[in-house]
Amino acid sequence: MTATDLRKLVTGPVIGPDDAEYDDARRVYNFMIEARPHAIVRCASAEDVQAAVSHAVATRHDVAVRGGGHSVPGFGTADDAIVVDLSGMTSVVVDPANRIARAGGGATWSMMNDATMAHGLATTGGVVGSTGVGGLTLGGGIGYLTRAHGLSCDNLISAQVVLADGSIVTASETSHPDLFWALRGGGGNFGVVTEFTFRLHPVPENIYGGLILFEREAAGDLFRYFDRFIDDAPREYGGYPAWHLAPPLPFIPADRVGEPFPVLVSCWTGGHEEGAKILQDFRDVGPVMAEHVGAIPYTALNTLFDPLLPRGLQHYWKSVFVGDLTDDVIAIHTEHAQRMPAVNCAVHLYPVNGAAHDVAPDATAWGHRDVKYVNVLAGMWPDPADNAANTAWVKDYYAALAPHSPAGGYVNFASGDDQAKVRDNFGAGYGRLARIKGQYDPGNVFHVNQNIVPA
Ligand SMILES: Cc1cc2nc3c(=O)[nH]c(=O)nc-3n(C[C@H](O)[C@H](O)[C@H](O)COP(=O)(O)OP(=O)(O)OC[C@H]3O[C@@H](n4cnc5c(N)ncnc54)[C@H](O)[C@@H]3O)c2cc1C
């Protein structure tokens, strides 16, 4: 069977190795991934997805599902696989009266935020606009609204899913509730979600926030202050402490560009005066090197990092969960973050308390409701010649932090070499996930992911 045969089965474009676009279409966001799939099916409808999955099963091809394509291990492509590419299914329809939005399986967070914020509404999404709604939501979903409204998956009302047997079902609290439970944290293991329905919340057009870069000697005090503050901070605060190399931006003194700095990234959705006071308290903690803070459109904050992170960089990431920021943990960050090799790299510690802790640990497949922070060590750099240096930086940093961290890490930040950690990453719900996988995908058709083996 060739791409030509597949074309007869679907309405969207099919790209095979003989096509001029193949070399671009086979690639995902992380250019370290070099896979050469059998064909890429740019599905235009749930029926196209159905046909592509059924055809892959019948012809014994692996299925790789691509939403936004941001998976760092490159799960949106695979050698000799049929790629179910959802990038043609990106419509976002907002029902402002009922505060819900329906997003196509391939929509990105920019598309989602632009559509919902036109009505002053949003749901929790990622901090980079080009990340897919699909993979991010199915693995949990952390962003500026986590403390106010929970994870992205906590805001899911229902999902339309193409299952491994080719059938199309709707999963919700009342329809296939076991599948709905598994979709909220179990990743892409259970089927292809062609449409997500989300609950929305009022968010001001302009939030108060931005970036404050502190001098390095303030790092310990900043992290300690943040750790105390976030325990019972108002839920309108959705920021996080971070480390970055100063990028060449107008508000950064030219002679400080490229130096590592502890950073406070802030999003305050309450009144601006109160937000300004909270950020002043942070400024008082230590000397500030530079800042870009004020009234910022919520949509702009959510794309602030996008220029640093174009498609085509090399990526290698690790993640740990973190409880309180102890002196040991802060010392490890201070030591390793200062060796950050490239300006695109990021170390972010996202608080996942507040509304995310209101949800019972067994209410969704994302069970880590006692974790205080999800910490990502994101190695991102442009030149493949620097692969060894950057992956070594991430691995060394991770090795230092792991003994101080609870078991597991956020599945959406895990690497391709983290399969051995899959049970810990999915946590206490793994057994139930494996049973549901056995029910909905006994042949493990959807295995190009952080894989749950069917029970
Ligand atoms: C630059 C960058 C920034 C990020 N920022 C955040 C952040 O702020 N918060 C956060 O929580 N995570 C963040 N992530 C991690 C992100 O959640 C994961 O990379 C996620 O897998 C991306 O989803 P995607 O749809 O873009 O990726 P893809 O590579 O398309 O998919 C990832 C996985 O999900 C599956 N999948 C995707 N869509 C569907 C679907 N519709 N139906 C079924 N399965 C599907 C795929 O098969 C694959 O296994 C970020 C990642 C990157 C690279």
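Worth pointing out:
- Selection status of G379, touching a residue at least 60 places away in the same chain (Cβ under 8 Å) and at positive phi: no
- The set of residues in the stretch 91-111 that are open to solvent by 20 Å² or more (accessible area, probe 1.4 Å) and either at pLDDT below 95 or within 11 Å of the ligand (Cβ to nearest atom) (or both) contains only T108.
- Test: residue in the stretch 164-171 that is open to solvent by less than 10 Å² (accessible area, probe 1.4 Å) and closer than 20 Å to G408 by Cα: no
- Residue count for the stretch 356-365, restricted to those that are in contact (Cβ under 8 Å) with a residue 24 or more places away in the chain, open to solvent by 10 Å² or more (accessible area, probe 1.4 Å) and touching a Lys or Arg at 6+ places or on another chain (Cβ under 7 Å): 2
- Flag if V422 is touching a Leu at 6+ places or on another chain (Cβ under 8 Å) and open to solvent by less than 10 Å² (accessible area, probe 1.4 Å): no
- Only a single criterion out of (1) touching a residue at least 12 places away in the same chain (Cβ under 8 Å); (2) under 21 Å from I33 (Cα atoms) is not satisfied by Q439, namely (2).
- The stretch 259-298: number of residues that are of a type in the set (G, A, S), open to solvent by less than 20 Å² (accessible area, probe 1.4 Å) and over 21 Å from A122 (Cβ atoms): 2
- Considering (1) within 22 Å of S110 (Cβ to Cβ); (2) open to solvent by 60 Å² or more (accessible area, probe 1.4 Å); (3) of a type in the set (D, E, K, R); (4) touching a Lys or Arg at 6+ places or on another chain (Cβ under 8 Å), the lone condition that R42 does not fulfil carries the number (4).
- Scanning the stretch 299-327 for residues that are more than 14 Å from the ligand (Cβ to nearest atom) and touching a residue at least 24 places away in the same chain (Cβ under 8 Å) yields T299, V320, V322, G323, D324, L325, T326, D327.
- Pairs with Cβ under 9 Å, 6+ apart, first in the stretch 51-63 and farther than 11 Å from V83 by Cβ, second of a type in the set (F, W, Y) and at pLDDT 95 or above: V53/F446
- Checked against the criterion of being within 21 Å of the chain's Cα centre (by Cα) and open to solvent by 10 Å² or more (accessible area, probe 1.4 Å), the candidates R199, R216, R256 yield just one match: R199.
- Scanning the stretch 230-241 for residues that are surrounded by fewer than 18 Cβ atoms within 10 Å (Cβ to Cβ) and under 22 Å from I332 (Cα atoms) yields a total of 1.
- Members of the stretch 263-288 found to be under 19 Å from G143 (Cα atoms) and either at pLDDT below 95 or part of a strand (DSSP E or B) (or both), listed by number: V263, L264, V265, S266, C267, W268
- Test: residue in the stretch 406-422 that is outside any helix (DSSP H, G or I), at pLDDT below 95 and more than 16 Å from the ligand (Cβ to nearest atom): yes
- Top-ranked residue in the stretch 299-350 [being under 21 Å from L222 (Cα atoms) and assigned to a loop (DSSP other than H, G, I, E, B); ranked as most open to solvent (accessible area, probe 1.4 Å)]: R339
- Close pairs from the stretch 411-427: first under 18 Å from L183 (Cα atoms), partner in a helix (DSSP H, G or I) and among the hydroxyl-bearing types (S, T, Y), Cβ under 7 Å, at least 6 apart: R423/Y430
- Scanning the stretch 1-44 for residues that are among the hydrophobic types (A, V, I, L, M, F, W, C), in a helix (DSSP H, G or I) and out of contact with any His (no Cβ under 7 Å at 6 or more places or on another chain) returns A3, A25.
- Test: residue in the stretch 54-69 that is of a type in the set (A, V, I, L, M), within 12 Å of the ligand (Cβ to nearest atom), open to solvent by 30 Å² or more (accessible area, probe 1.4 Å) and under 30 Å from V127 (Cα atoms): yes
- The lone criterion from (1) away from the ligand (no atom under 14 Å from the Cβ); (2) open to solvent by less than 20 Å² (accessible area, probe 1.4 Å) left unmet by A148 is number (2).
- Checking A428 against (1) in a strand (DSSP E or B); (2) open to solvent by 60 Å² or more (accessible area, probe 1.4 Å), the condition it does not meet: (1)
- Out of T124, T131, T137, one residue alone is out of contact with any Asp or Glu (no Cβ under 8 Å at 6 or more places or on another chain), within 13 Å of the ligand (Cβ to nearest atom), under 24 Å from P310 (Cα atoms) and open to solvent by less than 10 Å² (accessible area, probe 1.4 Å). It is T137.
The values are calculated or read from the model by the stated rules, or taken from the named source; none is laboratory data. Computed from a predicted model, the values in this text were never measured in an experiment. Note that each Cβ is placed from the backbone with ideal geometry, even for glycine, and that neighbours are counted across all protein chains shown. The accessibility values were calculated without ligands, DNA or RNA, using every heavy atom of the protein model including side chains. Shrake-Rupley method; radii C 1.70, N 1.55, O 1.52, S 1.80 Å.
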